[in-house]
Every structure is written in structure tokens, then in C-alpha cells.
Amino acid sequence: YSDYYHLEAGKEHYRLLIYLASLYNNTVISDIGTNLGASALALGTNPSNKVYSLDLINVRSGEPTLPNCEFLLGNILEDKSIQEKILSSKFIMLDIDHEYSNEIQIYNMLIANDWKGLICCDDIHLNDPMRRFWNEISHPKIDATPYGHGSGTGFIVMDDTEIKFA
């Protein structure tokens, strides 16, 4: 995945994630949907932040890591200790199965816990389930696809954060 970090905006979102991580200091950041860990590593480039990266299964095998990245296995909707860690974050990268049901359940869990912060959603234009998820969001949202991933990058603002794209 290291080649993806160098692709321009609008193709891949990793440069955007690296930039966003630089805007936070001494902050907990979460990556829901680890896969091989590329997003977690991009978010972990600011060593002052703590990054929790969560997935249901471990597909990482000897992939690189950073000292401030902790990889968790489990279900955020069922495991309260994982939920506490994720809820302590101010920024969440949400990139899971792209089938609507889990994305909307996580979004609703964040609402139920009065979570405040910024969610970055990957692949919001990938398929009908993701377009449905994106369209059902009730919080302010910004489609930032030209600055992120070609299959769609969007931000859900769940606090008073102001986001501007030139």
C-alpha cells in the first residue's frame, strides 16, 4: 500500500489522512476497518496522537506499524472496552464493509453516546448501500471526494468543527 500514499488527491485518500492527522495534537484518533492498516499508519504519522485501529478479523501479517498505533480486534457494537476507546477519539476514519447496515449502526451508536468529533467516511459513492448510508446522515456533512478517494470521501461533522475546502 505504500505506493498509494503518493497518489494525488481524488485517487486515494491517504495524503488527506496524513494532513488531517497533522491538525490534531495529543488526540485520540480511531480507524474503524483496519484491513492491512494503511489508514491507521497514515493517521499515525503525527506521533503525538494515539491511533486505535479496529477490525473484526486480523488480515495483517507482518505489516509495518508505528508506536502510537494500537490494533484492536473485536466488534465496536458488542465490546464495551473497545467502544470506550473509540468513543474517546475526536476523529474517526470509517471504512468497513460498504454494505450500509454496519455503517449506519456505528453512526447511530455514536449518536446514542453523544459522541462529538469528525468522521471521515470512505467509499461513499462506491455502491447503492453506501450512497444510501451517505444520504441518510442527519448531521452536517461534506462530500470531499475531489480531495480524497475516487470512490468517495465524505466528512460527517458531529460537533462544531468548521471545515472548509478551497
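Laid out as a table, the results:
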{"quantity": "Label-point separation in nm, L73 to E136, each point 7 Å along Cα→Cβ", "calculated": "3.0 nm"}
{"quantity": "Given charges at beta-carbon only (K, R positive; D, E negative), |dipole| of the chain in Debye", "calculated": "380 debye"}
{"quantity": "Vicinal HN-Hα couplings computed from phi for region 31-48 (Karplus, 6.51 cos²θ - 1.76 cosθ + 1.60; Hz; Gly/Pro x)", "calculated": "10, 9, x, 4, 6, 8, x, 4, 5, 4, 5, 4, 6, x, 5, 8, x, 6"}
{"quantity": "Where labels lie 7 Å past Cα in the beta-carbon direction, separation of E8 and A112 in nm", "calculated": "4.4 nm"}
{"quantity": "Set of lysines near K116 by C-alpha distance (under 21 Å), chain-local residues within fewer than 8 positions excluded", "calculated": "K50, K80, K85, K90, K141, K164"}
{"quantity": "Residues of the chain: accessible area per residue with a 1.4 Å probe, Å²", "calculated": "49 Å²"}
{"quantity": "Extension reserve of the D143-S61 stretch, reckoned as 0.36 nm per residue once the Cα distance is removed", "calculated": "26.2 nm"}
{"quantity": "Residues whose placed amide H lies under 5 Å from that of L72, excluding near-sequence neighbours", "calculated": "S53, L54, D55"}
{"quantity": "DSSP bridge pairs, the chain: antiparallel proportion in percent, nearest 5", "calculated": "30 percent"}
{"quantity": "Computed [θ] at 222 nm, helices only, for the chain once each DSSP H run of length n ≥ 4 contributes -39500 (n - 2.57)", "calculated": "-7500 deg cm²/dmol"}
{"quantity": "In region 58-157, GluC sites (Glu not before Pro) in a DSSP loop with at most 11 other beta-carbon atoms within 10 Å", "calculated": "E78"}
{"quantity": "Compactness of region 3-134 as Cα Rg over 2.2 N^0.38 Å, two decimals", "calculated": "0.99"}
{"quantity": "Note, ³J(HN,Hα) from phi for region 101-111, Karplus 6.51, -1.76, 1.60, rounded to Hz, x at Gly and Pro", "calculated": "4, 6, 4, 5, 5, 5, 4, 5, 5, 5, 4"}
{"quantity": "More than 13 Å apart - percent of Cα-Cα pairs taken over region 101-166", "calculated": "63 percent"}
{"quantity": "Dipole-positive endmost among G150, P47, I18 within the chain (Cβ charges, Cα centre)", "calculated": "P47"}
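The values are calculated or read from the model by the stated rules, or taken from the named source; none is laboratory data. Predicted model only: the values in this text are computed from it and were never measured. Cβ atoms come from the backbone with ideal geometry, glycine included; neighbour counts cover every protein chain shown. The accessibility values were calculated without ligands, DNA or RNA, using every heavy atom of the protein model including side chains. Shrake-Rupley method; radii C 1.70, N 1.55, O 1.52, S 1.80 Å.
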